[in-house]
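Everything below concerns the one structure shown next.
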Amino acid sequence: MLEEANVSGDGTVLEKKVQERDLLSLMIKSSMSTTTPDDQKMSVPQILDQIPTFLIAGHETTSTATAWGLFALAQRPAMQSRLRQELLEAFPDEDGEVTIESLNALPYLEAVVRETLRYHSPVGWIEREAEEDDVIPLDHEFIGRDGKARKHIRVKKGDNFIIPTGIMNRSQDVWGPDADEFNPDRWLVEMPAAVSKIPGVWANLMTFIGGQRSCIGFKFAVLEMKVLLLQLIRSFEFELAVDPADIIDVELIVSRPFVKYELEKGSQLPMIVRPVRQT
Ligand code: HEM
């Protein structure tokens, strides 16, 4: 990653030779550039602050989402077999070439990934701060603390908001009466009109949120999930080793599966994993 780059304890770059193209190296390179204006450069402490973001945003979210996908499929053997059949038909040879285009051409894989990211949003809520006074119009009236009905919310600059992304992904007003069911087929038929109003950056879901600070890694995350599911579902059958009711969702920045009577063991998802029978 870094070649002969040497950063002292107080963050000063002592040696300035960075060659690779990974994200961290590119950021260090740009901070040392002599052509980038100073006000557009990140300081070394700012760069170091990005590292937890890469780890949490980029890794834990995708691996946890994939685990929840396996949790959903392990409880629904018919869906798991249907996905396996699609994967085996498209990629019968374990050593055969897999391209982004060929993975993206599989409708049921796409539907399973979308439904996993809708039903089990790894990030359950997001915080935002109002940059200016505003009035937010609402679809539904609510009764204020003063007993009056209102169809808007007044906000002041500096007010904090919680955007309940997980709840929005399962709202019956948006997704219809079966919003609380795991059903990949919903993505293969016409969606309720309300779905198109959700301003998510991907698939009208709030999972990666929307707007200027939405997730920059969503395409990578979706592709990574597809590759993981291809390798896992093509080769193994997954069955839950515990009662699904004993798996609970514990929010530690990312919503993770825990066994409710073994919380001290940390996040886990016990499975019986069998090699797929060759016919
Ligand atoms: C299923 C996987 C993922 C989910 C659900 C997810 C979700 C999110 C969400 C909700 C945010 C907004 C956070 C906030 O503003 O408080 C975010 C931001 C971010 N994500 Fe992801 N993410 C995923 C995968 C990835 C991957 C794979 C990468 C990198 C390759 C990544 C990089 C980032 C970065 C750098 C930000 C900060 C963007 C900014 O503040 O401008 N994420 N992600």
For residue 101 the rounded accessible area (nearest 10 Å², probe 1.4 Å, non-protein molecules ignored) is 130 Å²
Using helices alone, what [θ] at 222 nm do you get for the chain, with -39,500 (n - 2.57) per DSSP H run of 4 or more residues, divided over all residues and rounded to the nearest 500? -10000 deg cm²/dmol
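Rounded to the nearest 20 Debye, what is the dipole magnitude of the chain about its Cα centre when Lys and Arg each give +1 and Asp and Glu each give -1 at the C-beta?
Details: 30 positive and 44 negative charges, 98 e Å.
Roughly 460 debye, rounded to the nearest 20.
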Label-to-label distance, nm, for residues given as residue 127 and residue 59 (7 Å Cα→Cβ offset): 2.4 nm
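Taking the highest mean first, how do the peptides 54-65, 182-193, 200-211, 36-47 order by number of other beta carbon atoms within 10 angstrom per residue? Please list the in-between numbers first.
Numbers: 54-65: 17.4, 182-193: 14.4, 200-211: 20.5, 36-47: 11.5.
Ranked by mean Cβ neighbours within 10 Å, highest first: 200-211, 54-65, 182-193, 36-47.
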Can you pull out the trypsin sites (Lys or Arg not before Pro) in region 196-234 that DSSP calls coil and that have at most 16 other Cβ atoms within 10 Å? 213
Positive end of the charge dipole of the chain (Lys, Arg +1 and Asp, Glu -1 on Cβ, about the Cα centre): tell me which of 91, 168, 112 has its Cα farthest that way. 168
Work out the count of Lys pairs in the chain where the Cα-Cα distance is under 24 Å, with the pair 8 or more places apart or on different chains. 9
Phi angles of region 148-153, converted by Karplus (6.51 cos²θ - 1.76 cosθ + 1.60, θ = phi - 60°) into ³J(HN,Hα) in whole Hz with x for Gly and Pro, give 8, 7, 9, 10, 7, 10
Backbone HN-Hα couplings from phi across region 221-238 [Karplus 6.51/-1.76/1.60, Hz, Gly and Pro as x]: 4, 5, 5, 4, 4, 5, 5, 4, 5, 4, 5, 6, 6, 5, 9, 10, 9, 10
From the phi angles alone, apply the Karplus equation (6.51, -1.76, 1.60; θ = phi - 60°) to region 255-264 and give each ³J(HN,Hα) in whole Hz, x where the residue is Gly or Pro. 6, 10, x, 10, 8, 5, 9, 9, 4, 5
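Around residue 139, what is the net charge, scoring Lys/Arg as +1 and Asp/Glu as -1 over all other residues with Cβ under 15 Å from its Cβ?
Values: positive: 150, 151, 197; negative: 141, 173.
Summing Lys and Arg as +1 and Asp and Glu as -1 gives +1.
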Net charge of neighbours whose Cβ lies under 14 Å from the Cβ of residue 105, counting Lys and Arg as +1 and Asp and Glu as -1: -4
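The values are calculated or read from the model by the stated rules, or taken from the named source; none is laboratory data. It should be emphasised that the depicted structure is a prediction, and the values quoted were computed from it without experimental measurement. Please note: Cβ atoms are built from the backbone with ideal geometry, for glycine as well, and neighbour counts cover all protein chains shown. When the accessible area is computed, the model is the full protein with side chains, heavy atoms only, and any ligands, DNA or RNA have been set aside. Shrake-Rupley method; radii C 1.70, N 1.55, O 1.52, S 1.80 Å.
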